[in-house]
Amino acid sequence: TDSQRNEAEVRTMYEQWLVKNGKNYNGLGEKERRFKIFADNLKSIEEHNSDPNQSYQRGLNQFSDLTADEFRSTYLRGKVEKKSVSDVEERYKYKEGDV
Amino acid sequence: LPDEVDWRERGAVVPRVKAQGDCGGCWAFAAVGAVEGINQITTGELISLSEQELLDCDRGTDNFGCTGGGAVWAFDFIIKNDGIVSDEVYPYSGNDTAACKAIEMTTTRVVTINGREVVPENDEMSLKKAVAHQPITVMISAANMSDYKSGVYKGPCSNLWGDHNVLIVGYGTSPDEGDYWLIRNSWGPGWGEGGYLRLQRNFNEPTGKCAVALAPVYPIKSNSSSNLLSPSVFKLVLLLAFQLISLALL
């Protein structure tokens, strides 16, 4: 659609994003591969933000050249096991009328 | 309970938003933030503490450095370890390749806790009561939040049990988007609202939005003699001692 950016525009945004986030890639073709991931993420962000009914905005940041799997495998390492929540305490148990 | 709480305004949150970098150490940042908070609330001292000490030293049973872990077990380590040092003494390196540094705990200022407890699960009102008393660590499922920028997150959640350890530092209500939890993340100030996320609160599922009410955990610090050793009192005692010595020498 005309609201979608053309590739040249996206490339310019990509180059600016690389500088802002201090990114540089080693492998041959890596920069182009990352550009495609970046362009897909940007498209998804702009589609989301074009919906006025959304309760939150999305935007470019340090993760914008990562696939969902890459992001998940590096940054989502919290773990909880049932045994760790065995000692539930009443200290903060809410009762009607609590002040 | 207060309609709004923001522990940043009460000085119980280190102003600098920290960044875990390419290390899966969210659990250490959540645990450290909760201990920084309860320590300030109890002693009046806001001391930025060391996530790296947890990554290097609390390793091998439940927590595994950059590979992952949970704040709940980090609290157990801090109790066993007789405290945690500041990140000035033990700075963040963003990896877990180094061995645990032997810190001379007697000469270094450490912050101690006396225990940890779990908020009644799947109960956002109890979680609200807990947050009204201190910052609380929680697990959220955050895979769809990588490019969150602003607003109250009501978007999709990646799983039912949570995969990212973060710290609730307050709650409130947005006129447009309704009730929210104020969450301190560890992805740096460039992510979200200056490093913070507002997550939908009073969700129609007992687990809360994105599992936020599934396993909230907090450290306990009694108002005991350990406060006499808080840095400011420590300095005061030192000054007084020097005064007395100099008077005696005159």
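The values are calculated or read from the model by the stated rules, or taken from the named source; none is laboratory data. Everything quoted here is computed from the prediction, not taken from an experiment. Glycine gets a Cβ as well: all are built from the backbone with ideal geometry, and neighbour counts include every protein chain shown.
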Those residues of the range B:100-153 that are small (Gly, Ala, Ser), surrounded by fewer than 20 Cβ atoms within 10 Å (Cβ to Cβ) and either more than 8 Å from chain A (Cβ to nearest Cβ) or in a helix (DSSP H, G or I) (or both) come to a total of 4
**Asked** Looking at the range A:23-41, is at least one residue without any contact (Cβ under 8 Å) to a residue 12 or more places away in the chain, at positive phi and not basic (Lys, Arg)?
**Response** yes
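Residue by residue, here is whether (1) within 28 Å of B:Val152 (Cβ to Cβ); (2) touching a helix residue (DSSP H, G or I) at 6+ places or on another chain (Cβ under 8 Å); (3) aliphatic (A, V, I, L, M) holds:
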| position | (1), (2), (3) |
| --- | --- |
| A:Lys23 | no, yes, no |
| A:Leu28 | no, no, yes |
| A:Lys43 | yes, no, no |
| A:Tyr92 | yes, yes, no |
Counting only residues that are among the polar types (S, T, N, Q) and more than 19 Å from B:Glu205 (Cα to Cα), the range B:140-190 contains a total of 6
A careful count of residues in the range B:55-76 that are surrounded by fewer than 20 Cβ atoms within 10 Å (Cβ to Cβ), at the interface with chain A (Cβ under 7 Å from one of its Cβ atoms) and assigned to a loop (DSSP other than H, G, I, E, B) gives 1
Within the range A:28-71, of all residues that are acidic (Asp, Glu) and more than 15 Å from the chain's Cα centre (by Cα), the one surrounded by the most Cβ atoms within 10 Å (Cβ to Cβ) is A:Glu30
Condition (residue is in contact with a Ser or Thr (Cβ under 7 Å, 6 or more places away or on another chain), more than 12 Å from every other protein chain (Cβ to nearest Cβ) and buried (at least 20 other Cβ atoms within 10 Å of the Cβ)) applied to the range B:212-223: is it met by at least one residue? yes
Of (1) at pLDDT 95 or above; (2) out of contact with any Pro (no Cβ under 8 Å at 6 or more places or on another chain), B:Ile103 satisfies every one except (1)
